[in-house]
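Working notes, structure below.
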Amino acid sequence: FGRDGLGWMQAGTAVMTAGLVMGIMLIPFVSSLSDDIMGGVPQALRDGSYGLGATRSETIRQVVLPAALPGIVGAVLLAASRAIGETMIVVLGAGAAAKLGLNPFDAMTTVTAKIVSQLTGDADFSSPEALVAFALGMTLFVITLGLNVVALWIVRRYREQYE
């Protein structure tokens, strides 16, 4: 292998690094929301399942999870919206190499990192670089808004009303 080892992550920045950090950062967010959502399933549904002879694991799999699934999907989509807008973790973790590839161990740039690099310095706000950064910000806003609208639609469409 030589001095370079496997040749992965030469500079310590890679898409894989940013992805792992973002994944670890979002786990508490999704798990907390999912716990609250599953706790909101009425006790009467659980008691009815137990009354029919279901075990605890069967009640969770066949009653609680189906009732809470729209909320859990909404929590995952909300976390995805948060991950899309995250800037500094991606800038520090993924690097700023202006290239696109399929190897997750290479340094690449993202839209958020490009916005940071375009707006730093003494550039005039009417310069093409600043206008590109504003267009990228608007694109991120539209994508995040779309994810939030889809999450709300899923939650409202599949939510069951309980008394």
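The values are calculated or read from the model by the stated rules, or taken from the named source; none is laboratory data. Predicted model only: the values in this text are computed from it and were never measured. Glycine gets a Cβ as well: all are built from the backbone with ideal geometry, and neighbour counts include every protein chain shown. What goes into the accessible areas is simple: the full protein's heavy atoms, side chains included, and nothing from ligands, DNA or RNA. Shrake-Rupley method; radii C 1.70, N 1.55, O 1.52, S 1.80 Å.
Listed values, structure above:
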item: Complete set of residues in region 75-104 that are open to solvent by less than 50 Å² (accessible area, probe 1.4 Å) and either charged (D, E, K, R) or modelled with pLDDT of 75 or more (or both); result: Ala75, Leu77, Ala79, Ala80, Ser81, Ala83, Glu86
item: Hits in region 106-146 (condition: part of a loop (DSSP other than H, G, I, E, B) and either at pLDDT below 75 or closer than 25 Å to Leu78 by Cα (or both)); result: Asp106, Ala107, Met108, Thr109, Thr110, Gly121, Asp122, Ala123
item: Failed item, numbered, when Ile24 is tested on (1) at pLDDT 75 or above; (2) in a loop (DSSP other than H, G, I, E, B); (3) open to solvent by 60 Å² or more (accessible area, probe 1.4 Å); result: (2)
item: Candidates Leu65, Leu45 - the one that is surrounded by fewer than 17 Cβ atoms within 10 Å (Cβ to Cβ) and in contact (Cβ under 8 Å) with a residue 40 or more places away in the chain; result: Leu45
